[in-house]
Amino acid sequence: MTRAFLIVIDSVGIGGAPDADRYFNGTRPDTWANTVAHIADACATGAAADGRSGRLSLPTLCDLGLGAALTLASGAGGLPTQASGAWGAATELSRGKDTPSGHWELAGVPVPWDWTVFPDTNPCFPDDLVVMTCQAAGTGGILGNRHASGTTIIAEEGARHMKTGWPICYTSADSVFQIAAHEETFGLDRLQKLCADMAPTLHAMKVGRVIARPFVGSPETGFTRTANRHDYAIAPPAPTLCDWVHAAGQPIHAIGKIGDIFSMRGIDDVRKGRDVALMGHLNDLVDQAADGAFVFANFVEFDSEYGHRRDVSGYARHLEWFDRELGKLLPRLRDGDLLIVTADHGNDPTWSGTDHTRERVPVLCHGIGARALGQIAFVDVAASIAAHLNVPSHGPGKSFL
């Protein structure tokens, strides 16, 4: 029996989505958005030199096929295309460019509904939802009530929050209802209970996630979000790859926010932390995971720290960090292991706005030799991992093994 590792580098898109013109950042369509290509272009022209210098250097990912997948997906160049891994470009079917849609579809289940998103107005939430939030929180009101960046809104509303005790509620172009609160003055347990209490109502509205966003600090020193984020996600509409593997009696280890995204269905244990810590957890599981295990990891800081903040240099630095760490990890895999690196959507840091971008994603495989997989579907990833682990696949995907 062999093991499978599925690593989602959150938001590392490669452009070329055929329906990108139907998705927007403000009034600008995502038609020519391309996360990897535009970061590479910025590095080549010296426009991404904060904390790094020179061309984008991703030897491990390019050896797996990132440059070749980029050219296949969108026609873009800028990275080496000679590969020794198996590589392809995946296109999403679900009508969204959000975290649950991308991850569920990679796990074999396209989203069959349209997500509810809140209008980009001020205020943005319906009155009855505001009243319900106040009742659940035991407060006389809420702060925020608009589209916002999480770091920006806690800077703008943090002092008022600490004075009034009112929760900071905000959203984005994604289907999310986010609640930020101070871990000490409001309380982490109280924040998580508030989000858990609100989640059933939001899920019934087809809002994908209620997200607890705790922070610490003061108006004098500034505010910082902590690692105690928790996503209360709507459950997938059908059994996913995690359920298929679990039903076969094989262990499933989640790294990062995977447990939240899949509502812990089919998952045996979760290891959390910032991306550096998550890489440590992944290395531990390379050593410790049993035969037949499925390890499902999400590295979120590409998206949360650099994509949404339109930090091109930071995104490039993080890609280069991940590439170095992956290069150390691959030689330690066992014979017969399958490792796939992919993404759930794009988040082009050179684009206007602050939201995700609709893009194809790379599918880069170690352990099945060197070959071109071509244009594939997100759901083919789940079918292929199921085939590798010798468990039945119940989704619409086709194995590329």
(request) Quote the relative contact order of the range 1-146 in percent (integer), defining contacts as alpha-carbon pairs under 8 Å separated by 6+ residues. (result) 13
(message) Charges on Cβ only, +1 for Lys and Arg, -1 for Asp and Glu, centred on the Cα centroid of the chain; of TYR306, CYS242, ASN25, which one is farthest towards the dipole's positive end?
(response) TYR306
(message) Spelling out what I want: for every residue of the range 111-128, take phi, set θ = phi - 60°, compute 6.51 cos²θ - 1.76 cosθ + 1.60 (Karplus), and round to whole Hz; glycine and proline get x.
(response) 7, x, 10, 8, 6, 7, 10, 8, x, 7, 10, 9, x, 10, 9, x, 4, 5
(request) For the range 224-239, take each phi angle, set θ = phi - 60°, evaluate the Karplus expression 6.51 cos²θ - 1.76 cosθ + 1.60, and give the result in whole Hz per residue in order, putting x for glycine and proline. (result) 9, 6, 9, 7, 8, 4, 9, 9, 9, 9, 4, 6, x, x, 7, x
(request) For GLY346, list long-range residues whose amide hydrogen, built 1.01 Å from N in the peptide plane, is under 5 Å from its own amide hydrogen. (result) THR357, GLU359
(message) Between the range 279-331 and the range 111-152, what is the separation of their alpha carbon centroids in Å?
(response) 32
(request) Calculate one ³J(HN,Hα) per residue across the range 363-378 by plugging θ = phi - 60° into the Karplus curve 6.51 cos²θ - 1.76 cosθ + 1.60, and present them in order as whole Hz with x for glycine and proline. (result) 10, 10, 10, 10, x, 10, x, 9, 6, 8, 8, x, 7, 10, 9, 3
(request) Using only the Cα atoms of the range 129-231, each taken as one equal point scatterer with no solvent, compute I(q) by the Debye sum, divide by I(0), and report log10 of the ratio at q = 0.23 Å⁻¹. (result) -1.30
(request) Normalising by the residue count of the chain, find the relative contact order in percent from Cα pairs under 8 Å and 6+ residues apart. (result) 30
(message) Let me understand the range 96-149 better: what is its radius of gyration from the alpha carbons, and its Dmax, in angstrom?
(response) 15.2, 43
(message) Given the DSSP H assignment, sum -39500 (n - 2.57) over each helix run of at least 4 residues in the chain and divide by its residue total; what's the result at 222 nm in deg cm²/dmol, nearest 500?
(response) -10000 deg cm²/dmol
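Hey, what's the Kirkwood Rh for the chain if you take every pair of different alpha carbons, in angstrom?
21.3
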(request) Hand me the tally of lysine pairs in the chain: alpha carbons under 26 angstrom apart, and the pair either on different chains or 8 or more positions apart. (result) 12
(message) Which of the three applies to the range 1-62, rounded, prolate or oblate, going by the alpha-carbon gyration tensor with a ≥ b ≥ c and a/c under 1.5 meaning rounded?
(response) oblate
(message) Just to confirm the number: angle between the C-alpha axis of helix 35-44 and the first principal axis of the chain, 0 to 90 degrees, nearest 10?
(response) 80
(request) Show the residues, 5+ positions off or on another chain, whose built amide H is closer than 5 Å to the amide H of ILE168. (result) LEU143, ALA180
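Computed from the coordinates by the stated procedures, all read-outs in this text should not be read as laboratory data. Model, not experiment: these values are computed from the prediction. Quick reminder, even Gly has a Cβ in these numbers, built from the backbone with ideal geometry, and neighbours come from all protein chains shown.
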